[in-house]
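Here the structure comes first, spelled out in structure tokens, and everything after it is commentary.
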Amino acid sequence: MTSQNATFLGPVNPDAEYERPAGLPIVRALRANLSTLNWNTGEFDNWRDCGWSISCRRHGSEMQLVVAPTGSPEEWMLQIAPARVPGLLGRALGRVPSATSVHCYELATDVHTVLSEQFARLRWRWNGFPDEEHSTAAPTPPRQ
């Protein structure tokens, strides 16, 4: 399992500094709240011109958290994944991802707590789009 993915619903006002892409107020709130939960968060960054990302670090792990609009009114998507995943050659040389699925789950659990205060219909799924059939209302631990 590599990534935790979520969708959620709720209105978000445009950011005073950067109106586009949409969603920066969500990332700003996550960054502030995750810092109080002992996550070291990086500066926000424009992600592929369609969303926003921040890095999240704790206990030697590093992940990327990305938020973007889905295209439906007031619906958002979020992904938590290791910041670095080695390719075939990297793995052959003994390199490992910058975070495990347990780390992604820990971050997803804290993100869920923060988002639940403002947003509705949170859906979570490992490694895929969290549609109605293939999702849970909260992050689930990785399978062993």
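The values are calculated or read from the model by the stated rules, or taken from the named source; none is laboratory data. Given the structure is predicted, the values throughout are model-derived calculations rather than measurements. Virtual Cβ from ideal backbone geometry, glycine too; neighbours counted across all protein chains shown.
Among the residues of segment 89-96, is any among the basic types (Lys, Arg) and at pLDDT 95 or above?
no
When Ser55 is evaluated against the numbered criteria (1) over 24 Å from Ser101 (Cβ atoms); (2) among the hydroxyl-bearing types (Ser, Thr, Tyr); (3) within 12 Å of the chain's Cα centre (by Cα), which criterion, by number, is the only one it fails?
(1)
Any chance you could count how many residues in segment 113-144 are outside any strand (DSSP E or B) and closer than 18 Å to Leu9 by Cβ?
17
Among all residue pairs at least 6 apart or on different chains, which show Cβ distances below 6 Å where the first residue, located in segment 69-92, is within 20 Å of Cys50 (Cα to Cα) and the second is modelled with pLDDT of 95 or more and in a helix (DSSP H, G or I)?
Listed pairs, sorted by first residue: Ile80/Cys104; Ile80/Leu107; Ile80/Ala108.
Identify, please: which residue in segment 36-69 is in contact with an Asp or Glu (Cβ under 8 Å, 6 or more places away or on another chain) and polar (S, T, N, Q) and is, among those, nearest to Ala22 (Cα to Cα)?
Ranking the qualifying residues of segment 36-69, first place goes to Ser53.
Could you list, in sequence order, all residues of segment 47-63 that are without any contact (Cβ under 8 Å) to a residue 40 or more places away in the chain and buried (at least 21 other Cβ atoms within 10 Å of the Cβ)?
Once the filter is applied, which keeps residues that are without any contact (Cβ under 8 Å) to a residue 40 or more places away in the chain and buried (at least 21 other Cβ atoms within 10 Å of the Cβ), segment 47-63 yields Gly51, Trp52, Ile54.
If I ask for residues that are part of a loop (DSSP other than H, G, I, E, B) and acidic (Asp, Glu), which ones from segment 69-112 would you list?
Matches in segment 69-112: Glu74 only.
Condition check ((1) surrounded by fewer than 19 Cβ atoms within 10 Å (Cβ to Cβ); (2) touching a Pro at 6+ places or on another chain (Cβ under 8 Å); (3) among the hydroxyl-bearing types (Ser, Thr, Tyr)) across all residues:
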residue: Pro69; (1), (2), (3): yes, yes, no
residue: Leu88; (1), (2), (3): yes, no, no
residue: Val102; (1), (2), (3): yes, yes, no
residue: Leu115; (1), (2), (3): no, no, no
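Just to check your reading of the model, which residue among Asp45, Asp110, Asp49 is charged (D, E, K, R) and closer than 27 Å to Ala137 by Cβ?
Asp110
Checking Thr41 against (1) under 24 Å from Gly10 (Cα atoms); (2) modelled with pLDDT under 95; (3) hydroxyl-bearing (Ser, Thr, Tyr): exactly one of these is not met. Which one?
Among (1) under 24 Å from Gly10 (Cα atoms); (2) modelled with pLDDT under 95; (3) hydroxyl-bearing (Ser, Thr, Tyr), the lone unmet condition for Thr41 is (2).
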